[in-house]
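The values are calculated or read from the model by the stated rules, or taken from the named source; none is laboratory data. Predicted model only: the values in this text are computed from it and were never measured. With ideal geometry, Cβ positions are generated from the backbone for all residues, glycine too; neighbour counts draw on all protein chains shown. Surface areas here come from the heavy atoms of the whole protein model, side chains and all, with no ligands, DNA or RNA. Shrake-Rupley method; radii C 1.70, N 1.55, O 1.52, S 1.80 Å.
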Amino acid sequence: MEVQEQWGIHHYMELFDQSEEINYLLDRHGHFLYVNKRAENISGFKADSIIGKSFTQLITEQALPQTVDYFQKAVQGLPQHFETQLRHRQGHEVDISVSVIPAIRDEQVAFIIGITKDISERVYSSKRLKISEARNQAILDAALDCIVIVDDEGKILEFNSAGEKIFGYRKDEVLGTYMKDMLLPPYLREPYVKAMDAYKQTGAHDILGKRMEVNFIRSSGEEFPVELAVTVVMVEEKPIFTAYIRDLTDKKLAETRIRETQAQYHSVVDTIKEVIFQTDEQGRWLFLNPAWEEITGYTIEESLGQICLQYVHPDDREMNLKLFEPMLTGLKTECRHEIRYVTKKGGFRWVEIYAALNVDEHGAIKGTSGTLMDITERKKMEASLILAKEEAETSSRAKSEFLSSMSHELRTPMNAILGFAQLLELSDLSASQQQDIAEIMKAGNHLLDLINDVLDLSKIEAGKVSLSMEPVEVKELVMDCIALIQSTAAKRNVELVLSPEKCRDIYVYADYTRLKQTLLNILSNAVKYNVDGGKVYLRCGTTEQGRFRFWIEDTGQGMAEDQLKQIFEPFYRIHPNSNVEGTGVGLSIAKRMMQFMEGDIGVSSQLHSGSTFWIELNYARSPLLEPRPDPYRLTLTYQEPNHALQPTLLPYTVLYIEDNKANMLLVQRIFEAYAHVRLICAPEALIGIELAEIEQPDLILMDIHLPGMSGLQAMRVLQSQPSTQHIPVIAVSANTMSKSIKQAEAYGFKDYITKPIDVPQLLEAITRILHTDQTCPAADSETSRL
Ligand code: ADP
């Protein structure tokens, strides 16, 4: 109280109690010396309870440092006015404005006079205003369209970020400028000003609330299309216009592109030769392009809405429905086939129809779409080609039949000529007569060769060559060829450097006879076109591709590059008039044969220094290595009721007619295990027939594919002779086609064994046939062993 009196504080207290504001006095340390009653409203604390406390207890933590700062400045004698926050007794914050004024006594600050107002309301509304402004700005900036706000003079008040992007101006560049100058193309400025004036004077307007397309101008000077909508609000009785501007450049571009594409699409669809169609789910035409009129003669107008099946040729309708069925039942999504469509003129056109299903998003069929391609010309061509092919085949057949009968007709007199010439040769003749006979023989033999070659070639060309592909042992083949070639080589003084031993146990997959014919042809050429004292080498090996190869090298006259290209052509001979015998057909036959056997043939040569021919084939497994039961015995049960005799082994003779040595060896090995079986072999049909007559075998195994007379022809002979017709014959062939098996059956073969020989199957067939045909009672054993 002393202090209060000393400084006259009580004067303030009286004054404060009547004040509308919150007034107080603080000592230099910030403790309340006095607080008027209004303080209670703002803080929730009774005035009495505040006296003596520090103001810091009332200020929020956040606002405290700043508030203390202000207070200290006041303590230093500087009046302060600021805003801060106090914490209400109930916990919430209250915004206040504060004035702290130092009271000077004796030239120093004796205490502080404080005046405080509750400004919560004001702070709250100013915050709301800020939020609302920020939100508006955000909306403006987030807008995809450019928004320009102008006042009644046309001055730009607002310009959003989309506007910056569209027009290429920064916001600060346009604010305050006139819209007409900045954003409108020159020719629109006057109408714009007129419209603004009219609106201001009469309120009349053309554009408010409408959307329209006009052109604006970018900062670059480029004019561009926009969609414009303008709204107006009145602020303080003056209109404020808001323009919403959407850049239409991309849209217009896309529209132009679509228009162009559509135009292209239409020109393609209209000019395309194929019909493009669409049908509904009932099969009625929904869409047809002009090609429809071209192909059928029906106009598009009269056809649309019609059932498409009625345009299909009546004979093809059922088939058409069948072909569509898998698609319509959901088994397929598209179909393609060839049918006939009728034309308005009463004819028809062949079309290839391609159709695919159209389904909606639920998978329900909406119809079909596809194309119809006119293939009438192709069909006509196909028909004429088939006709031509048939004609060609008929004439080729006729040609080969002619050639084969001619060659037969020629061969008979040739045999007579050669036969009588040989007889004459044996008679007593003068030297010149002998020379004449030799000439007849030479020319006759040459003619015979030619006839045979021509016949062979015509057979190949008529596709009448049948091959018996089986494993062929190379060593045997080489040995056979050497036997046939060596006397000629010796006569011509040409050394054969061949080492067949190197080919031992090598098997190739080929037709034995045809391969021998090919190799022999090349070897004999190597001898024929060699020099006196020349050499012929035969080597064998494996190619990089793992195939077997023969190389036949000679030291003869060789061939030039252009000659090499032609030597596989029929009838081509390098020196046709030389005295070397030949027909010019051998190599062309060899080439085709090698192709038939999935092999190849080729040559390299140098003129005057010899040639190297090669032939190539696939390797085969040795038939001797084929797995077979051990030992090669098979116990078979043979049931004959009423007989119960002891098993007896009967001696049998089996004749095997086979040209392939490997197969012959195999069968020999099989029968080695059966001492009671005598096997005799014949390498060709004629020898076989002779042996059958003499030896009277119990069974004949006959290869079908034999050189010269075939197995089938041989069978005819055996069947026709009383001495051999009772002998059962089993066919052995590499041909597994059922047609050939049936044919053999028709020829009277008892069974048909396919190559490579399956030993148990062979033994089983032999046992069965021998016992069925056996008339000797000793064979009626319960258990018979071959
Ligand atoms: P040809 O019956 O004439 O021997 P080929 O078809 O076997 O018929 O051969 C065709 C031609 O290729 C022969 O006439 C010959 O001119 C040439 N020719 C074939 N082999 C050889 C070779 N080893 N050396 C040189 N020329 C050859």
The percentage of the accessible area of region 437-492 (probe 1.4 Å, all protein chains present) made up of carbon and sulfur atoms, to the nearest whole number, is 56
For the chain, what does the relative contact order come out to in percent, with C-alpha contacts under 8 Å and a separation of six or more?
5
Taking only protein heavy atoms into account and a 1.4 Å probe, give the accessible area per residue of region 373-461 in Å².
68
Where Rh denotes the Kirkwood radius from the mean inverse Cα pair distance, what is Rg over Rh for the chain?
1.43
Residue-averaged 222 nm ellipticity for the chain, from DSSP H runs of 4+ at -39500 (n - 2.57), nearest 500
-13000 deg cm²/dmol
Straight-distance crosslink candidates among lysines, where the alpha carbon sits under 21 Å from LYS389 and sequence neighbours closer than 8 are dropped
LYS379, LYS380, LYS399, LYS459, LYS464
Which lysines does LYS742 reach when only Cα atoms under 18 Å apart count, and residues fewer than 8 places away in its own chain are ignored?
LYS750, LYS755
Take the alpha-carbon positions of region 262-331, form their convex hull, and give its projected area averaged over all directions (one quarter of the hull surface) in nm².
5.7
Could you state the accessible area per residue of region 229-370 in Å², with a 1.4 Å probe and every protein chain left in place?
62
Three principal axis extents, largest first, for the C-alpha atoms of region 88-162, in Å?
68, 36, 20
Ratio to report: Rg/Rh of region 426-492, with Cα atoms as the point set and Rh obtained by the Kirkwood method; give two decimals.
1.15
For region 86-219, what ratio Rg/Rh do Cα atoms give with a Kirkwood hydrodynamic radius?
1.30
Using 0.36 nm per residue, how much length does the chain from LYS366 to VAL531 gain when fully extended, once their Cα-Cα distance is taken away?
51.0 nm
What percentage of the solvent-accessible surface of region 180-230, computed with a 1.4 Å probe over protein heavy atoms, is contributed by carbon and sulfur atoms?
54
Dipole of the chain, positive end: most advanced residue of GLY168, TRP350, PRO576 [Cβ charges, Cα centre]:
PRO576
Lysine-lysine proximity count for region 117-205, Cα under 30 Å, sequence distance 8 or more or distinct chains:
19
Region 122-152 to region 37-77: how many Å between their Cα centroids?
37
Quick one: compute a quarter of the convex hull surface over the Cα atoms of region 652-728 and quote it in nm².
4.5
To the nearest Å², the heavy-atom accessible area per residue of region 501-589 with 1.4 Å probe amounts to 48
Pop out the carbon and sulfur fraction of the accessible area of region 648-695 as a percent, whole number, probe 1.4 Å.
57
Of the convex hull drawn through the C-alpha atoms of region 172-312, the volume per residue in Å³ is 214
19 Å Cα-Cα reach of LYS535 towards lysines, excluding residues that sit fewer than 8 places from it in its own chain:
LYS491, LYS502
